[in-house]
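Below is one structure, written out as structure tokens; the observations come after it.
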Amino acid sequence: MTQQPILPHFRAHAWPLLLVLALLIATACAASPTTDDGRSTAITRQRSASATLAPSPTVEPSATPTATPAPSPTATVVPSATPSPTPAGLSEAELAEMRPNELGWALVMEYHLIEPGEDAEYSRTPDSLRADLAWLYDNGYYPITFRDLASANFDSVPAGRSPVVLTFDDSSIGQYNILADGSIDPESAMGILLAFHKAHPDFPPIATWFPLLEVDVPSRILWGQPEWVDQKLQHILELGGEIGSHTVTHNRLDQLEESQIQWQLGTSQRTLEERIGGGYDVVSLALPLGIYPANEALIQAGTVDGVPYGYLYAAEVAGGMTVVPYAASWDPIHIARAPAAAGYIDALMGQIERRPSLKYISDGDPTTLTFPSEATLDEEQQGTFDAARWPDLVVRRYDRALSDE
Ligand SMILES: [Zn+2]
């Protein structure tokens, strides 16, 4: 059985799929940008193999499917090298049952259009979104925001559960539609999230939304209903969700002058913050089409008309599962996402089902980082803990039993 590209690195054999995905997203996910301000260019060309999507070759996964990282139950167990001075509250029995792995990989789901019809690379039907949520729930996932993932704030994730970030790009009306009677369209993503939460109270309707502000398809400007924008923004936040930026006009940032890049990044951040009010900080960015500017420093700091802006975290458009901030290969402005694209996401989910030991699984204790001993970690995660960057964390290692996986 061949391995699918679920690893949090861009692997060579995943490039054809990534390029196809990027092309399809490029041609379909965004409205054509406006052209009346001189800042815009048409989004019609296939992306080049941007150097910014370079792999992070910290761990080269084995090409041989026989190299299963799960140790056999009879394997010699190497004692944990760093026994915790103050173990988390979990008992040995609870550890064996729950198998916490706070060095494991998280999942950032990436949605674009939510609309009836057929699933495609850039659109998901309402029923498929419902099925995705059911799968996530059944596989122990618990929604948090992108910023919480990126800032290693996993406090809300219950013991035994795994963090997932639901991200929605491009603010199309199918993501959040309000009907004529003022109710939320149950076929829109927000309606689906709320209904799923009602049926599953331990799965909060938390998502991170990356809206567009100025495109020539009105239904993709801040969810397409100008009279409801403020209510939608506030509602998303009241539910515990997050508003990020997807730039103003969805232009490819590799094709703009640096002043234009700063305008896109700074103006979208400031506009959203002013519209949301209450001192809200927009800290997360989804790169249009996943394409980075040549000068990536402009993501984290720049100015527009002398006013500074900056993003702390930025989302890729592909990549599979993502490492968490405790890993040495963590890069806060290159956070991998899993496109909810037909075929791709099914393969990814299948891989996660086959190798659940790769997942981040919470120990339920924010004060302690619990993950398996080196000998009982999956090989892709061995040696990846960035202890130097997390000197104050209390770490608890334990010998994980994987025999019944
Ligand atoms: Zn987009």
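Run residue 129 past the list (1) buried (at least 24 other Cβ atoms within 10 Å of the Cβ); (2) over 19 Å from the mean Cα position of the chain (by Cα) and report the number of the one that doesn't hold.
Of (1) buried (at least 24 other Cβ atoms within 10 Å of the Cβ); (2) over 19 Å from the mean Cα position of the chain (by Cα), only one is false for residue 129: (2).
Of these, 120, 152, which one is surrounded by fewer than 21 Cβ atoms within 10 Å (Cβ to Cβ) and within 16 Å of the ligand (Cβ to nearest atom)? Outline the logic, then answer.
On the way: 152 fails: within 16 Å of the ligand (Cβ to nearest atom).
Checking each option against the conditions leaves just 120.
Taking the conditions exactly as written (away from the ligand (no atom under 16 Å from the Cβ), among the small types (Gly, Ala, Ser), part of a loop (DSSP other than H, G, I, E, B) and in contact (Cβ under 8 Å) with a residue 24 or more places away in the chain), does residue 364 satisfy them or not?
Details: away from the ligand (no atom under 16 Å from the Cβ): yes; among the small types (Gly, Ala, Ser): yes; part of a loop (DSSP other than H, G, I, E, B): yes; in contact (Cβ under 8 Å) with a residue 24 or more places away in the chain: yes.
Answer is yes for this residue.
Six or more apart or on different chains, Cβ atoms under 8 Å: show the pairs whose first residue is in region 346-360 and farther than 13 Å from residue 160 by Cα and whose second is part of a loop (DSSP other than H, G, I, E, B) and polar (S, T, N, Q).
Taking only residues 6 or more apart or on different chains, the pairs are 347/4; 348/4; 349/139; 350/4; 351/3; 351/4; 352/139; 353/139.
Out of all the residues in region 217-229, is one or more under 30 Å from residue 156 (Cβ atoms) and within 16 Å of the ligand (Cβ to nearest atom)?
Within region 217-229 (the criterion being under 30 Å from residue 156 (Cβ atoms) and within 16 Å of the ligand (Cβ to nearest atom)), the answer is yes, since at least one residue qualifies.
Within region 236-250, can you find the residues that are outside any loop (DSSP other than H, G, I, E, B), more than 16 Å from the ligand (Cβ to nearest atom) and either in contact (Cβ under 8 Å) with a residue 24 or more places away in the chain or in contact with a Leu (Cβ under 9 Å, 6 or more places away or on another chain) (or both)? Give the derivation first.
Applying the first criterion (outside any loop (DSSP other than H, G, I, E, B)) to region 236-250 yields 236-238, 242-243, 245.
Pick out the ones that are also more than 16 Å from the ligand (Cβ to nearest atom) and you get 236-238, 242.
If the condition is that a residue be outside any loop (DSSP other than H, G, I, E, B), more than 16 Å from the ligand (Cβ to nearest atom) and either in contact (Cβ under 8 Å) with a residue 24 or more places away in the chain or in contact with a Leu (Cβ under 9 Å, 6 or more places away or on another chain) (or both), then 236, 237, 242 are the ones that fit.
When you go through (1) within 16 Å of the ligand (Cβ to nearest atom); (2) closer than 27 Å to residue 325 by Cβ; (3) not aromatic (Phe, Trp, Tyr) one by one for residue 193, which number turns out not to apply?
Going through the list (1) within 16 Å of the ligand (Cβ to nearest atom); (2) closer than 27 Å to residue 325 by Cβ; (3) not aromatic (Phe, Trp, Tyr), residue 193 breaks only (1).
Out of 198, 232, I need the residue that is away from the ligand (no atom under 16 Å from the Cβ), surrounded by 16 or more Cβ atoms within 10 Å (Cβ to Cβ), at pLDDT 95 or above and among the basic types (Lys, Arg). Which one?
From the options 198, 232, the qualifying one is 232.
Among what's in region 362-405 and is among the aliphatic types (A, V, I, L, M) and either farther than 27 Å from residue 151 by Cβ or touching a helix residue (DSSP H, G or I) at 6+ places or on another chain (Cβ under 7 Å) (or both), pick the residue that is surrounded by the most Cβ atoms within 10 Å (Cβ to Cβ). Show your work before the answer.
Pass one, region 362-405, residues among the aliphatic types (A, V, I, L, M): 369, 375, 377, 387-388, 393-395, 401-402.
From the residues that got through so far, the ones that are either farther than 27 Å from residue 151 by Cβ or touching a helix residue (DSSP H, G or I) at 6+ places or on another chain (Cβ under 7 Å) (or both) too are 375, 401-402.
Values: 375: 17, 401: 16, 402: 20.
Only one residue fits best here, namely 402.
The values are calculated or read from the model by the stated rules, or taken from the named source; none is laboratory data. Since the structure is predicted, the reported quantities are computational estimates derived from the model, not experimental observations. When we count neighbours, we look across all protein chains shown, and the Cβ atoms used for this are built from the backbone with ideal geometry, even at glycine.
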